[in-house]
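Values quoted throughout were computed directly from the atomic coordinates according to the rules given, and no laboratory measurement underlies them. Please read all numbers here as calculations on a predicted model, not as lab measurements. Here the Cβ positions follow ideal geometry from the backbone for every residue, glycine too, while neighbour counts run over all protein chains shown.
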Amino acid sequence: MKTKNLILTAILTALALVSFMIEAAIPPLTPIYGIKLGIANVFTLFALYALGTRQAAAVLFLRILLGSIFTGQLVSFIYSLTGGVLSFALMVLLKRFFPVKQVWVLSALCAVMHNVGQLGAAVLMTGTVQILYYLPVLVIAGIIAGTFTGLCAQLVLMRLKNQTY
Amino acid sequence: MKNRVWIIILSFSVLICAVCWLYISNLSPLSQIVGIYQNGNLVEKIDLNSVTERREITLSGEYGKNTVLVSNGHIMMKSAECPDKLCVKHGELKNGGTPIVCLPNRVVVKFEDSPDGADAKTGAVR
Ligand SMILES: [Zn+2]
């Protein structure tokens, strides 16, 4: 890995971590788990398209680990990790079908996957199937938040189209 | 697929989910019997109609205590020591489709005999 590439990965991880922590400090809009913007996702997407799969994985998983430690909410770690692993797997799997112009679509699909994963983890952790009633609202939240973060990453990627890392 | 196709697919999904959510968040409970669960185990089953005086039920979990307030026809999470307090912000348990959930302490308060009939775990009303 070239030095420039390594440094970029580190910077993106730091940015993802900061945005994650700022977002964690803002009181939630609704009393429903999992409804948030997920701005940190912008940096994962950017890393995936600009740098590569390994770098994106580093940005995502280091952010989840450090974010859970820094916010002191280890309880959210298991949910973040479940959602993170599932959405990242989908992201890597489907990336080839989505050119830079359609990063927003990939992002929306992955955000939905993320929320579904978290909900699944919540069902397992509480042993209560009724929590699945929250599925529709989490799918909507995922599509809206994913589209937004995807567009953010997409706009930057399109501006830097001819850049090499 | 073109962007336009995706816009249609995703908007349509949002629409369908919105309809489902409207339906779910307005499901009326089939009875006034509620169950308080922790770690998937029943802690207490209460018929809200037969509650005569207000009382509090305290549960302790990994992240501190949860206090459930029960009065005639009403149940809510009065206070909690969990980090996010989303269970308290939920307010009163209103319908069969949206249980009160405290993820950190793994507490769930929900109406029994919910429309999906999931009551197998607990058996009869205590
Ligand atoms: Zn709580």
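Which residues' amide hydrogens lie under 5 Å from the amide hydrogen of B:Thr98, considering only partners 5 or more residues apart or on another chain, with H built in the peptide plane?
Under 5 Å from the amide H of B:Thr98 lies no amide H from a residue far enough along the sequence or on another chain.
Quick one: which of A:Lys2/A:Lys36; A:Lys4/A:Lys36; A:Lys36/B:Lys65; A:Lys101/B:Lys89; A:Lys95/B:Lys89 span more than 30 angstrom between C-alpha atoms?
In this structure, A:Lys2/A:Lys36; A:Lys4/A:Lys36; A:Lys101/B:Lys89; A:Lys95/B:Lys89 lie more than 30 Å apart at Cα.
B:Leu30 versus B:Ser60, label points 7 Å from Cα toward the beta carbon: distance in nm?
3.7
Using only the alpha-carbon atoms, how far is helix B:3-24 inclined from the longest principal axis of chain B? Give it as 0 to 90 degrees, nearest 10.
Rounded to the nearest ten degrees, it is 30.
Given the C-alpha centroids of the range B:46-104 and the range A:1-25, what is the distance between them in whole angstrom?
39
Scattering from the C-alpha atoms of chain B alone, worked out with Debye: what is log10 I(q)/I(0) at q = 0.11, 0.12, 0.13, 0.16 1/Å?
-0.45, -0.52, -0.58, -0.79
Can you give me the orientation-averaged projected area of the convex hull built on the Cα atoms of chain A, in nm²?
Average projection, Cα convex hull of chain A: 9.3 nm².
Please arrange B:Ile24, B:Ile7 by counting, for each residue, the other beta carbons lying within 10 Å of its beta carbon, fewest first.
Taking fewest neighbouring Cβ atoms as first place, the list is B:Ile7, B:Ile24.
Semi-axes of the equivalent ellipsoid for the protein assembly as shown, please: Cα gyration tensor eigenvalues, times 5, square-rooted, ordered largest first, whole Å.
Semi-axes (√(5λ), whole Å): 40, 21, 14.
Rounded to the nearest 0.05, what FRET efficiency is calculated for A:Ala10 and B:Asp113 with R0 set to 51 Å and r the Cβ-Cβ distance?
0.40
Can you put A:Phe88, A:Phe20, A:Phe148 in order of Cβ neighbours within 10 angstrom, beginning with the fewest?
A:Phe148, A:Phe88, A:Phe20
Which shape class, rounded, prolate or oblate, goes with the range A:6-95 when its Cα gyration tensor gives a ≥ b ≥ c as root eigenvalues, a/c under 1.5 marks rounded, and past that a/b bigger than b/c marks prolate?
Prolate, because a/c is 1.5 or more and a/b exceeds b/c.
Remind me, what semi-axes does the range A:1-51 give for its equivalent ellipsoid, largest first in whole Å, using sqrt of 5 times each Cα gyration tensor eigenvalue?
Working from the Cα gyration tensor, I get semi-axes of 28, 11, 5 Å.
Just tell me how shielded A:134-143 is by partners: mean number of partner chain Cβ atoms within 10 Å of each residue's Cβ, no decimals.
Averaged over the peptide's residues, the number is 6.
Residue by residue through the range B:94-100, which ³J(HN,Hα) values in whole Hz follow from phi under the Karplus form 6.51 cos²θ - 1.76 cosθ + 1.60 (θ = phi - 60°), with glycine and proline marked x?
9, 9, x, x, 10, x, 7
Give me the inter-chain shielding for B:99-106: mean count of other chain Cβ atoms within 10 Å, whole number please.
5
Please list the non-local residues whose amide H lies under 5 Å from the amide H of B:Ile75, H modeled 1.01 Å from N, same-chain partners needing a gap of 5 or more.
Sorted by chain and number, the residues that satisfy this are B:Leu93.
Tell me, A:Met158, A:Met91, A:Met21 in order of fewest to most beta-carbon neighbours within 10 Å?
A:Met158, A:Met21, A:Met91
Taking amide hydrogens as modeled 1.01 Å from N in the peptide plane, which residues meet the under 5 Å criterion relative to B:Gly61, leaving out close sequence neighbours?
Answer set, sorted by chain and number: B:Asn66.
Kirkwood hydrodynamic radius (Cα pairs, Å) of the range B:46-89?
That comes to 10.9 Å for the range B:46-89.
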